[in-house]
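First up is the structure itself, then whatever we jot down about it.
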Amino acid sequence: MWKEIGHRESGKLRPNSFINRIRSNRSSSLQLSNHKEIVSSHRGSINSLQVDLTEGRYLLSGASDASLAIYDIQRATEYEAGGLIAKHKPILVDKQHQNGHKYAISTAIWYPVDTGLFVTGSYDHHIKVWDTNTTQVVMDFKMPGKVYRTAMSSLATSHMLIAAATEDVQVRLCDMASGAFAHTLSGHRDGVMAVEWSNSSEWILMTGGCDGAIRFWDIRRAGCFSVLDQSHSQLGRRPPLADPSTTKVSTPKARAPHRKVGSGSSSKHSGNSKILKHAKGSANKRLHPGLLTSQDRATAHYGAVLGLKATEDGMYLLSAGSDSRLRLWDIQSGCNTLVHYEIVRLQSSKAIQLAVTQDSGIVFLPCMTSVKAFDVWSGKNRMTLQGHYENVNCCCYSTHDQELYTGGNDRQILIWSPHKLISDDVDNCDRRTEQPSAVDEDNWSD
């Protein structure tokens, strides 16, 4: 770290590059936190975790005992061991609410705009919208089957849609503005376990089903416009955009005289015919996949798609399947990038929640009782995080603190923090009293 600070002082590193490098170093040194602990209030396996997108302060969790909880991860409830261990107890707990869920909560997400609302989905076939301040259900959607995952677009300015992945073959979009279903997306041949909005467009939705297919939808149009095929591959990352300042400008060449043809017309007509042929060819490429049987039945995994996660730049998509494979897809071309990730054993009976760092350099994948961190671009296993006693179901990465939160069947929420450079014993402020420590006091302090 001191090397990066020296380069920043000397001007070798720009501010943005310095920040990105520090964040990358912190995310690469995660370990089980010994100074921060979450006191779980759940009595069942934890199936979903999410930190709010506005403040990065509140952690929302949902469990199989139909309970949900909210934790303040920035301000501790109490301290132990002389102020060295911060305890974070839930500031909101809901169990057996009269209008709450009856069965396991499978997904819990924040409303992207603020923390005043959050959304939960359950195996009781219901999706509920909650008011955080009153802990009351303000909206209820009845689904045709078990709800596996829900998602809302963080970019949306024109709609308030909740995408729902259920055991039904159709994907439904719930409109919070009207309280009714807005769309029904048909195309999967089995239940849908994963759903993810694009990070580059508020209209693009990506879904993964038990039929092994990953489909792309433009919700403004009918039908999906792309189906990923694992055999359609392209090695490596997308080449970077060319720098306009370094591109060569071609010099105009002397025009060749037009040759006359038998009808008396010039060769310009042949150029126009080429353009028409190219337009017809591009039109054929834009055919709806449903009209082409081979494309419509393409599969991304040899089993159910258990989880989807888009990179922060919106250019790539990570998918995990019950075939023990993790794949990286180029969203623009729909190609499998052929990054070789280690074959891992994954749960096949329930959806899993992946996490990606802010620079999209590391992906965290729940693998039974551990969490594996892979380099997104090389596929190398960076680290294996072991701390849970039972299977891990969900991962959530906090971009504010570069911390990872994991939940599993052991009913625990573990915090994985970067390596601390400065000891907690030497601190400028006593955490319990929030006053300067006696070591730092002087005779002229007010």
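To the nearest 0.05, what FRET efficiency results for Thr135 and Leu235 with a Förster distance of 56 Å applied to their C-beta separation?
It comes to 0.65.
Applying a 10 Å radius around every beta-carbon, put 212-219, 180-187, 191-198, 329-336 in order of their mean neighbour count, most first. Each step should come with its number before you reach the end.
Values: 212-219: 22.5, 180-187: 15.2, 191-198: 24.6, 329-336: 18.4.
Averaged packing, sorted descending, gives the order 191-198, 212-219, 329-336, 180-187.
What is the sum of charges, Lys and Arg at +1 and Asp and Glu at -1, for the other residues whose Cβ falls under 13 Å from the Cβ of Leu117? Walk me through the numbers on the way to the answer.
Working: positive: Lys128; negative: Asp52, Asp114, Asp131.
So the environment of Leu117 carries a net charge of -2.
Beyond 32 Å between alpha-carbons counts as too far, so tell me which of Lys89/Lys146; Lys36/Lys146; Lys89/Lys380; Lys87/Lys128 fall in that bin. Can you show the working numbers first?
Numbers: Lys89/Lys146 30 Å; Lys36/Lys146 35 Å; Lys89/Lys380 36 Å; Lys87/Lys128 30 Å.
The pairs that break the limit, which is 32 Å between Cα atoms, are Lys36/Lys146; Lys89/Lys380.
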Requested in this report: In whole Hz, with x marking every Gly and Pro, tabulate ³J(HN,Hα) for the stretch 54-69 from phi via Karplus 6.51 cos²θ - 1.76 cosθ + 1.60, θ = phi - 60°.
Outcome: 8, 9, x, 10, 10, 9, 9, 9, x, 10, 6, 8, 6, 10, 9, 8
Query raised in the report: Each label point is 7 Å from the Cα along the Cα-to-Cβ direction; what then is the distance between the points at Ser200 and Glu390, in nm?
Result: 4.1 nm
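What is the sum of charges around Ser360, taking Lys and Arg as +1, Asp and Glu as -1, for the other residues whose C-beta is under 9 Å from the C-beta of Ser360? Mind dumping the intermediate values first?
Values: positive: none; negative: Glu312, Asp313, Asp359.
Summing Lys/Arg as +1 and Asp/Glu as -1 gives -3.
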Report task. Mark the label point 7 Å from the Cα of Lys380 along Cα→Cβ and return the residues of the stretch 316-343 whose backbone N is within less than 15 Å of it. Result -> 340-342
Query - Relative packing of 337-346, 298-307, which averages over residues the other C-beta atoms within 10 Å, highest first - result: 298-307, 337-346
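Laboratory data are not the source of any read-out in this text; all were calculated from the coordinates shown. Quantities reported herein were computed from a predicted structural model and do not represent experimental measurements. Every residue, glycine as well, gets a Cβ built from its backbone with ideal geometry; the counts of neighbours run over all protein chains shown.
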